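First comes the structure, then the notes that go with it.
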Amino acid sequence: MRDNVIAICPGSFDPVTYGHLDIITRASKMFHKVIVVVAGNSSKNCSFTPEERVEMIKKCIGNLPNVSVDHYGGLLAEYAAKKGATAIIKGLRAMSDFEYEFQMALTNKKLNPNVETLFLTTSAENMYLSSSMVKQIALMGGDISSFVPEVIKQDIINRIKK
Ligand code: PNS
């Protein structure tokens, strides 16, 4: 790998989970600089505003020195070009993620040939973890402690129960 590679970790992060945080932490060990970007997904109805999601991620990542957090309402390929990023990092869980992720990777490559999408295998304990599952558990009064950090737990419960 070249020196000084800037990578972006995109997602809806509605809300960020231990699964996302694992990918972000691992990416921070591989790349010079990592930008976590809260991006728009038109097929999702989000519970938190992009600004709220950025704040929640910041609370959770603590002091990873080479990681910053941002949000963007446009195309990811365009954002990568603006930031000089040449890698998009995504976590891959079960096979069910594959087709959708493959389609996005190919589209982003078409829109920005300078960017490569790299997949990190999700850690076994996060295999079936998703933001929507966390919201569903919170809605039903279940314990979400093993899925999200304590610092954002109450924010999620308060919003979902509203
Ligand atoms: O966490 P998600 O919902 O799986 O993340 C999907 C996301 C936000 C990364 C994707 O929808 C995205 O890149 N949105 C930005 C708009 C864009 O570039 N769309 C075309 C993607 S091929």
In segment 28-49, which residues are within 14 Å of the ligand (Cβ to nearest atom) and open to solvent by less than 50 Å² (accessible area, probe 1.4 Å)? I35, V36, V37, V38, A39, N41, S47, F48
Restricting the search to segment 1-21, which residues are within 23 Å of V134 (Cα to Cα) and away from the ligand (no atom under 14 Å from the Cβ)? Y18
Restricting attention to segment 51-69, does a residue exist that is more than 22 Å from V151 (Cα to Cα), modelled with pLDDT of 95 or more and either away from the ligand (no atom under 11 Å from the Cβ) or surrounded by fewer than 19 Cβ atoms within 10 Å (Cβ to Cβ) (or both)? no
Can I57 be described as β-branched (V, I, T) and within 19 Å of L21 (Cβ to Cβ)? yes
Checked L76, L139, L118, L111 against criteria (in contact with a helix residue (DSSP H, G or I) (Cβ under 8 Å, 6 or more places away or on another chain), open to solvent by less than 80 Å² (accessible area, probe 1.4 Å) and farther than 14 Å from V16 by Cα); the one match is L76
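The values are calculated or read from the model by the stated rules, or taken from the named source; none is laboratory data. Values in this document were obtained by computation on a predicted structure and should not be read as measured data. Ideal geometry is used to build each Cβ from the backbone, glycine not excepted, and the neighbour counts take in all protein chains shown. Side chains are part of the model used for accessible areas, which takes the heavy atoms of the whole protein and leaves out ligands, DNA and RNA. Shrake-Rupley method; radii C 1.70, N 1.55, O 1.52, S 1.80 Å.
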